[in-house]
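The values are calculated or read from the model by the stated rules, or taken from the named source; none is laboratory data. Here the structure is a predicted model, which means the values were calculated and not measured. Neighbour counts are summed over all protein chains in view; Cβ atoms, including those assigned to glycine, are modelled from backbone coordinates with ideal geometry.
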Amino acid sequence: MTSEATALRGPAASLADDDFSLFGLPRRHALDRADIDARWKALQAQVHPDRFVSEGSAAQQMALQWVLRVNEAYQRLKDPIARGAYLCELNGHDVNASRALPPSFLMQQMAWREALEEAGGPAALEMLADEVADRRAALLRELAERIDTRQDWPAATGCVQALMFIAKFSADLNERLDG
């Protein structure tokens, strides 16, 4: 095996390995962000194209592929919603497939939208932002439970979909707060 192949193997044997294998992490939702960041930095240092300048263009091209793959995996793993969606997908549940959310959450969505429209000032917007942040935190805990403890993929998929709505709504809310 050439030195280039050895250096570019890293913890994963293939660019096609899943993100968790690539980063040497267990397939679970509850992961430490600092650990993910540290593993990303270590992988980046290992496969950075600058390390392969003297190895020629083929080695640098392979290093570039590895850098792109490591960055792609990092983007998914560092974001708890994206990580949850990825775990669901790895277990055969597409979070983008149409699925009805519980009526209680649909009612919550409507109430939040109405509250956003009717908010008279920064104090009302801040209260709504706090409420949405609390619900997000509760859903993230529920998502970790559904994935890591119960392996209830349909319920985890629903949690991810609800969290995706909350992310979009939070962006709208923050825009209003900033405006």
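The figures follow:
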read-out: Tally, over the stretch 146-179, of residues that are more than 16 Å from LEU31 (Cα to Cα), in a helix (DSSP H, G or I) and among the charged types (D, E, K, R); value: 6
read-out: Selection count, the stretch 86-121, where residues are exposed (fewer than 11 other Cβ atoms within 10 Å of the Cβ) and either at pLDDT below 95 or in the same structural domain as LEU31 (by TED's automatic domain parsing) (or both); value: 8
read-out: Some residue of the stretch 72-83 being within 12 Å of the chain's Cα centre (by Cα), more than 22 Å from ARG136 (Cα to Cα) and either surrounded by 13 or more Cβ atoms within 10 Å (Cβ to Cβ) or acidic (Asp, Glu) (or both); value: yes
read-out: Enumeration of residues in the stretch 17-41 that are assigned to a helix (DSSP H, G or I), surrounded by fewer than 15 Cβ atoms within 10 Å (Cβ to Cβ) and small (Gly, Ala, Ser); value: ALA34, ALA38
